Amino acid sequence: MSAAESYGAPAAEVPGGGRALLTVEHLTMRFGGLVAIDDVSFQAAEGRITAIIGPNGAGKTTVFNCLTGFYKPTVGRLTLHHPKGEFLLERLEGYRTAQKASVARTFQNIRLFPRMTVLENLIVAQHNKLMRASGFTAAGLFGLKVYRDAEAKAMDLAKYWLDHTKLTEQADVEAGNLPYGDQRRLEIARAMCTEPVLLCLDEPAAGLNPRESHDLNSLLRYIRNEHKIGILLIEHDMSVVMEISDHIIVLDYGRKISDGTPEAVRNDPAVIRAYLGQEEHEELPPEIIAGAGTADRSPDDA
Amino acid sequence: MQHSFAYFLDQLINGLTLGSIYGLIAIGYTMVYGIIGMINFAHGEIFMIGAFISIITFLLLGMAGVTWVPLALIIVLVVAMTLTAIYGWTLERVAYRPLRRSPRLAALITAIGMSIFLQNYVQLLQSARNKPMQPVISGGVQVFEQQGYVVSLSYMQMIIMVVTVALMGIFTTVIVRTTLGRAQRACEQDRDMAALIGVNVDRTISLTFIMGAALASVAGLMFLLYYGVIDFYIGFLAGIKAFTAAVLGGIGSLPGAMLGGLLIGLIEAFWSGYFTVEYKDVAAFSILVLVLIFRPTGLLGKPDIEKV
């Protein structure tokens, strides 16, 4: 069963392969007169890394904000094909995006709980599971067995991700006191502790040195290969993007200008223009700019 | 007489008792401030309502023939905590939640408005006269004697201190160890992020108000039993004192609220004991001013580190 049948979404294969996990259709986000995202449609697959790239201000983070319930899209449908059923993300608000649809996200500027320890950050991420097990805290307060078992399981999951993000040694350090690179990894570990089906990473490699950025690549590959979840990645660091992505979507001025495998995107003239000609946009002939907006859309988008 | 140790001990006991009541109210201020960054100025009124619900329940129990004091106390405690918690929840739901995203000033003014509203509400329903109550718990133990000056610790004072310590223990455990407590701390540190990991932020805030109101109602009950008389206006001064205690201890910090409460209670008791009763409030507030000049974050408050 695919999204295509149930919602009449583009029947096209997801570039880079895999079962479609997220279908974004005609997403438009306006802030007053400013159009931050203009009719963007794409799909992201399960068990694949989908990168969203584009120059600054292209609307990448706005896409994430729409997906995670921070913004309500002006127009568009965001369908998540969750194993438990289909969720329309634009209708879920606030905490329900994480609780019901299992979408997790990290931020460009790190947002950990700075005055909790590293371990607590990972335990609090399993809030809903523990809240249910503890009968809304009553059982937890009296230390009943159901809760202790759930807590032990939560602890195991936290330890698993501590291991895989190489943070075991720092488990009891306050998150705010961690070095920058560790904080980045902890954010990913915390997102994974919510047991997401879709992980949205907003510039996870920002500010990392080459070695850390290499480790990040391995971590993301590990998550993709072992946990088979979909990863949506916003990134400026092309070494990360080209190396690990299975599928790339390029945005420029809120429009999708290219969508395909890394090879296809790398050789796409529209992309090259957007990146190299960014400063001189106004000097380009209008037909090229117009062309850039539409040339590489998949036919079913039209 | 004033310079004997016995006299000092007497003031100490009075101060600790009073301080426990302030501390219980201060926890409500500090928890709400911690989680939504707002001073709930109607919290003193919640305390007053707790005292009124207690006195009404006592009267009803008396009419129903429940005269065994421990049973009556437990029933009153449960009824007062439950009903006052409902007031606290309603207050947040009706007055503060709609303003969650508005500027702080709007919420602050609403809080003051709710405070005035609740005072008048009780005044209308219960009239403005003092409500006296027969002492329920009397007696005590003699702890010290010096040159004929007897220092005694009444059972009432013991109950106040024991209940305060027990509640402090329970609430600290909730905040530090339980799932709800972790969620509360998460909301305190980053509300949007807490929502993104699936924490129901609105419900967590409601529960915080419920916890704060329940504690305030216990303080109201203790106040009623200790002083034996209440009126619709007791929430104002007690609220201001408890707020001062929370700020003194470092607003946002639970142990700070308790410490601040005890300090304010002790300052008042010693000032009234050694100087003049009339200026005890001046003394308490002057200490606050001094502490804030030298430690703006309060005694146990953590300084806000601005990120760059």
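Every number in this text was worked out from the coordinates using simple rules, so none of it is lab data. Given the structure is predicted, the values throughout are model-derived calculations rather than measurements. Ideal geometry is used to build each Cβ from the backbone, glycine not excepted, and the neighbour counts take in all protein chains shown.
Using a ≥ b ≥ c from the Cα gyration tensor of region A:199-256 (square roots of the eigenvalues), is it rounded, prolate or oblate, where a/c under 1.5 gives rounded and otherwise the larger of a/b and b/c decides, a/b for prolate?
Working: a/c = 2.08, a/b = 1.23, b/c = 1.69.
It comes out oblate by the Cα gyration axes.
What order do you get for B:55-65, A:20-30 when each peptide is scored by the mean count of other beta carbon atoms within 10 Å, highest first? It would help to have the intermediate numbers written out before the result.
Details: B:55-65: 14.8, A:20-30: 21.2.
Highest to lowest by the protection proxy: A:20-30, B:55-65.
Shielding of A:123-130 by partners, i.e. mean partner chain Cβ atoms within 10 Å per residue?
Numbers: counts 2, 12, 8, 4, 11, 6, 2, 5.
Mean partner-chain Cβ count within 10 Å for A:123-130: 6.
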Check: Counting partner chain Cβ atoms within 10 Å of every residue's Cβ in A:101-111, what's the average?
Finding: 2
Check: For chain B, what does -39500 (n - 2.57) per DSSP helix run (n ≥ 4), summed and divided by total residues, give at 222 nm, in deg cm²/dmol to the nearest 500?
Finding: -24500 deg cm²/dmol
Notebook entry, point to check: Once both labels are modelled 7 Å past Cα along the beta-carbon direction, what's the B:R101-A:E226 spacing in nm?
Noted result: 3.9
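For region A:112-195, what class follows from the C-alpha gyration tensor (a ≥ b ≥ c being the square roots of its eigenvalues): rounded when a/c is under 1.5, otherwise prolate if a/b is larger than b/c, else oblate?
Details: a/c = 2.36, a/b = 2.05, b/c = 1.15.
In terms of gyration-tensor shape, prolate.
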Check: Is region B:32-96 rounded, prolate or oblate when judged by the Cα gyration tensor, a ≥ b ≥ c being the square roots of its eigenvalues, rounded requiring a/c under 1.5 and prolate requiring a/b larger than b/c?
Finding: prolate
Check: What is the antiparallel percent of DSSP beta bridges lying wholly in the protein assembly as shown, to the nearest 5?
Finding: 65
Next item on the list: Just name one of B:M114, B:T244, B:Y96: the one whose Cα is farthest towards the positive end of the charge dipole of region B:5-294 (beta-carbon charges, Lys/Arg +1, Asp/Glu -1).
Entry: B:Y96
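Rounding to the nearest 20 debye, state how big the charge dipole of the protein assembly as shown is about its Cα centre with +1 on each Lys and Arg Cβ and -1 on each Asp and Glu Cβ.
On the way: 49 positive and 55 negative charges, 407 e Å.
Rounded to the nearest 20 debye, it is 1960 debye.
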Notebook entry, point to check: Hey, what do the phi angles of region B:22-39 turn into as Karplus ³J(HN,Hα) couplings, whole Hz, using 6.51/-1.76/1.60 and θ = phi - 60°, x for Gly and Pro?
Noted result: 4, x, 4, 6, 4, 4, x, 4, 6, 5, 5, 4, x, 8, 10, x, 10, 8
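Take every Cα pair under 8 Å in chain B that's 6+ residues apart, average their separations, divide by the length, and report that relative contact order as a whole percent. Intermediate results must be reported in sequence, preceding the final value.
On the way: 486 pairs, mean separation 110.8, N = 308.
Once divided by the residue count of chain B, the mean separation gives 36 percent.
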Item checked: Projected label distance in nm at B:F117 and A:R266, using a 7 Å step from Cα toward the beta-carbon -> 6.4
Check: Of the residues B:A213, B:A195, B:A183, which exhibits the maximal mean-square fluctuation in a Gaussian network model of chain B defined by a 10 Å Cα contact cut-off?
Finding: B:A195
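Quantify how strongly other chains surround peptide B:170-181 by giving the mean number of their Cβ atoms within 10 Å of each of its Cβ atoms. Don't skip to the end; give the middle numbers.
On the way: counts 1, 0, 0, 2, 3, 0, 0, 5, 11, 21, 9, 4.
Per-residue shielding by partner chains comes out at 5.
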Note to self: Pick from B:G15, B:G44, B:G212 the residue whose mean-square fluctuation is largest in a GNM of chain B, springs joining Cα atoms under 10 Å.
What the structure shows: B:G15
Next item on the list: Only residues of region B:1-40 count here: report those whose backbone N is under 14 Å from the spot 7 Å along Cα→Cβ of B:Y149, or say none.
Entry: B:1-14
Check: Along the Cα-to-Cβ line of B:V136, 7 Å from the Cα, sits a label point; which residues in region B:34-60 have backbone N less than 16 Å from it?
Finding: B:48-60
Check: Going 7 Å from the Cα of A:E195 in the Cα-to-Cβ direction, what parts of region A:67-93 have a backbone nitrogen less than 16 Å from that spot?
Finding: A:82-85
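Ratio of the protein assembly as shown's C-alpha Rg to 2.2 N^0.38 Å, to two decimals? Each step should come with its number before you reach the end.
Values: Rg = 30.0 Å, N = 610, 2.2 N^0.38 = 25.2 Å.
Normalised by 2.2 N^0.38 Å, the Cα Rg of the protein assembly as shown equals 1.19.
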Notebook entry, point to check: Taking amide hydrogens as modeled 1.01 Å from N in the peptide plane, which residues meet the under 5 Å criterion relative to A:R105, leaving out close sequence neighbours?
Noted result: A:C200
Next item on the list: Rounded to the nearest Å, what's the spacing between the alpha carbon centres of region B:85-125 and region B:8-79? Just the number, please.
Entry: 20
Checklist line | B:I56 paired with B:S286, simple spin-label distance in nm, labels 7 Å along Cα-to-beta-carbon | finding: 4.2
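Would you order A:E187, A:E93 from fewest to most other beta-carbon atoms within 10 Å of each residue's own beta-carbon?
Details: A:E187 24, A:E93 11.
Listing A:E187, A:E93 from fewest to most nearby Cβ atoms yields A:E93, A:E187.
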